Amino acid sequence: MKQKILAVDDEIDILNLLKHNLVNAGFAFIPAEDGPEALELAKRSLPEIILLDLMLPNMEGNEVLRRLKADPDTRRIPVIMLTARGEEIDRVIGLELGADDYIVKPFSPRELVLRIKAVLRKGGPAEDSKVIKAGPVSIDTERFQVFVDGKEAELTAAEFRILLALVRSKGRPLARETLLLRIGSEEGASGARTIDTHVRRIREKLGRYEQLIETIRGYGYRFRETEEST
């Protein structure tokens with residue numbers, strides 16, 4: 001069965017461009033032209049990923065994203081923001097609300113397909129162990145779930161990939177550029193803020209264990225080794 005992609009944009013030309021490239025890439029395409037329609041289609045069809053424009057009629061994209069993440073039926077669906085608004089504040093707000101990636105128009109259709117596939121891969125192929133334990137943190141690489149002290153932490157796909165990469169590095173620091181590649185981004189050094197925002201959100205979700213992720217000034221991050229790490 002083809003993976004479904006819900007694309008939300010009020011520009012018909014953009015929807016047609018997306019449809020042409022995504023169908024050719026083997027996806028099933030679901031279009032929506034405004035926020036309310038997007039919310040209805042997301043809940044009804046449960047797509048594998050959502051491409052969401054920021055500037056929409058009737059309901060702004062950030063509000064659509066907030067509602068998607070607040071609904072138990074749709075909160076796990078990865079969302080890529082696709083918009084002409086490329087200012088850093090717009091990117092940060094989208095990531096804060098739970099977006100997994102952010103692509104600025106005009107975009108390369110080929111890059112877009114690659115970024116979609118990267119998000120869909122989430123943490124990548126699982127290693128021999130389906131559950132990786134690091135102190136109070138358990139990562140189920142098959143179900144893409146994270147538990148802290150046995151309680152599930154709701155991470156976005158990008159946050160999951162970053163945490164998984166840090167835990168798998170077994171105490172070795174990872175550069176921000178490396179983490180950008182792990183989430184399928186090709187922004188290079190300019191994407192450092194993107195990683196910082198994701199890491200801050202991961203720390204919040206780790207709660208009292210936020211100190212397990214250490215900042216390596218001028219370089220990146222490291223997950224502290226614990227006696228229980230495997």
In the range 1-28, how many are out of contact with any strand residue (DSSP E or B) (no Cβ under 6 Å at 6 or more places or on another chain) and either part of a strand (DSSP E or B) or polar (S, T, N, Q) (or both)?
4
Condition first: over 25 Å from Leu155 (Cβ atoms), touching a residue at least 24 places away in the same chain (Cβ under 8 Å), crowded, with 16+ Cβ neighbours inside 10 Å and not assigned by TED's automatic domain parsing to the domain that holds Ala158. Can you find one or more residues in the range 60-72 that meet it?
no
Being in contact with a Lys or Arg (Cβ under 8 Å, 6 or more places away or on another chain), outside any helix (DSSP H, G or I) and of a type in the set (Asp, Glu) is the filter here, so list the residues in the range 129-164 that pass it.
Asp140, Glu142, Glu154
Asn58 of a type in the set (S, T, N, Q), at pLDDT 85 or above, in a helix (DSSP H, G or I) and farther than 19 Å from Lys4 by Cα:
no
Taking the range 38-58, which residues are over 17 Å from Ile103 (Cβ atoms) and surrounded by fewer than 16 Cβ atoms within 10 Å (Cβ to Cβ)?
Glu40, Lys43, Arg44, Ser45, Leu46, Pro57, Asn58
For Ala158, which of the numbered conditions (1) within 22 Å of Gly94 (Cβ to Cβ); (2) modelled with pLDDT of 90 or more fails to hold?
(2)
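Got a sec? Which of Leu179, Leu166, Leu114, Leu174 is at negative phi, at pLDDT 85 or above and surrounded by fewer than 18 Cβ atoms within 10 Å (Cβ to Cβ)?
Leu114
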Checking Ala84 against (1) touching a helix residue (DSSP H, G or I) at 6+ places or on another chain (Cβ under 6 Å); (2) closer than 27 Å to His198 by Cα: exactly one of these is not met. Which one?
(1)
Looking at the range 141-154, which of the residues that are at pLDDT 90 or above and surrounded by 17 or more Cβ atoms within 10 Å (Cβ to Cβ) is farthest from the chain's Cα centre (by Cα)?
Val148
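The values are calculated or read from the model by the stated rules, or taken from the named source; none is laboratory data. Keep in mind the model is a prediction, meaning the values are calculated, not measured. For neighbour counting, all protein chains shown are included, and Cβ atoms are generated from backbone atoms with ideal geometry for every residue, glycine included.
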